[in-house]
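Peer 1: Here it is: the structure, laid out below.
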Amino acid sequence: MDSANLIRMANRIGDFFDAMPDRPEAVEGIASHIQKFWEPRMRTALLDFLERHPDGQDSEVRLSPIVLEAITRNRQRLTPKAPAH
């Protein structure tokens, strides 16, 4: 998965929810959207990026503050479950 593309996609989601007047509701909306609509590989790649870059940025891309907050607060919930055997 291309991290830069995932970051851009996550930031677009963040832009939409950031317009909401209730920040906790916006943060929840971002996490909920990513959990519901991103496939597990995408969520894993995003969480791996954050593992390598805890501040949400590397030289080329940067998570917006609200997206960084949403992912950080909901990391466990956004982590895909291991497949059952």
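Peer 1: With each pseudo-label sitting 7 Å past Cα toward Cβ, what's the residue 9-residue 23 distance in nm, one decimal?
Peer 2: In this crude label model, residue 9 to residue 23 measures out at 2.8 nm.
Peer 1: Another question about this same structure. Using 0.36 nm times the number of residues separating residue 81 and residue 2, minus their current alpha carbon distance, what extension gain do you get? If you can, show how the numbers build up before the last one.
Peer 2: Details: separation 79, 0.36 × 79 = 28.44 nm, distance 2.14 nm.
Taking residue 81 through residue 2 to full extension adds about 26.3 nm, to one decimal.
Peer 1: Roll a 1.4 Å probe over the protein chains and send me the accessible area per residue for the chain in Å².
Peer 2: On the way: 5430 Å² over 85 residues.
About 64 Å² of surface per residue is accessible.
The values are calculated or read from the model by the stated rules, or taken from the named source; none is laboratory data. All of these numbers come straight from a predicted model, not from anything done at the bench. Cβ atoms come from the backbone with ideal geometry, glycine included; neighbour counts cover every protein chain shown. Surface areas here come from the heavy atoms of the whole protein model, side chains and all, with no ligands, DNA or RNA. Shrake-Rupley method; radii C 1.70, N 1.55, O 1.52, S 1.80 Å.
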